[in-house]
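The block underneath contains the structure these notes are about, expressed in structure tokens.
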């Protein structure tokens, strides 16, 4: 589709990557019935499966942003935030390397051809070679999804925008169990940093 007045800008598949944030069991299959039911009803897993399958068909690289920590928490630094203070300064158990919690959900397996980035902070650009890998592949546009919308996903979107990447936020492939925060991020924050659309629309714009 040509980029002409009246048409939405197209997306060049040969300079595009799919990036998913924290699609891991710790977030999507944590074992709490209410949480897991809400995740299932959101449709995020099914939509993401379809998007990844389509991306692979088009030869678009897939990046998985994940978190894995040492069991002794020696690679975790607890900054003083309201949330941390409200918890009585009790640190959360880490998502440990190689554990069930750290793995992608079964429906979204990591293939050998995929790229995996282990992030030490919410923002995957900090302390990783994420940007270097994107530049090395000639990536200009990121199709972004994952959990959670207003934290890890939004952190990625903000920095990607500041690093001169085009970002398309896949609205059906991102979620937060806190619906108010999820919807506020989609409607009030993300449009400043990304183009927000369902994954089907993004795929229709590929050229």
For the range 45-56 the number of residues that are touching a helix residue (DSSP H, G or I) at 6+ places or on another chain (Cβ under 8 Å), within 10 Å of residue 173 (Cβ to Cβ) and surrounded by fewer than 23 Cβ atoms within 10 Å (Cβ to Cβ) is 3
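So that you can scan it fast, the table gives a plain yes or no per residue for (1) touching a residue at least 40 places away in the same chain (Cβ under 8 Å); (2) in a strand (DSSP E or B); (3) in contact with a helix residue (DSSP H, G or I) (Cβ under 6 Å, 6 or more places away or on another chain):
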{"site": "154", "(1), (2), (3)": "no, no, yes"}
{"site": "159", "(1), (2), (3)": "no, no, no"}
{"site": "173", "(1), (2), (3)": "yes, yes, yes"}
{"site": "181", "(1), (2), (3)": "no, no, yes"}
{"site": "185", "(1), (2), (3)": "no, no, yes"}
{"site": "191", "(1), (2), (3)": "no, no, no"}
{"site": "196", "(1), (2), (3)": "no, yes, yes"}
{"site": "202", "(1), (2), (3)": "yes, no, no"}
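Residue-wise test of (1) farther than 22 Å from residue 92 by Cβ; (2) in contact with a helix residue (DSSP H, G or I) (Cβ under 7 Å, 6 or more places away or on another chain).
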residue	(1), (2)
10	yes, no
13	yes, no
23	no, yes
33	no, no
Does the range 123-146 hold any residues that are closer than 13 Å to residue 20 by Cα and not in a strand (DSSP E or B), and which are they?
123, 124, 130
Can you spot a residue in the range 71-86 that is on the phi > 0 side of the Ramachandran plot, outside any helix (DSSP H, G or I), surrounded by 12 or more Cβ atoms within 10 Å (Cβ to Cβ) and modelled with pLDDT under 95?
yes
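The values are calculated or read from the model by the stated rules, or taken from the named source; none is laboratory data. Small disclaimer: the values here were computed from a predicted structure and weren't measured. In this analysis, Cβ positions are derived from the backbone assuming ideal geometry, glycine residues included, and neighbour counts consider all displayed protein chains.
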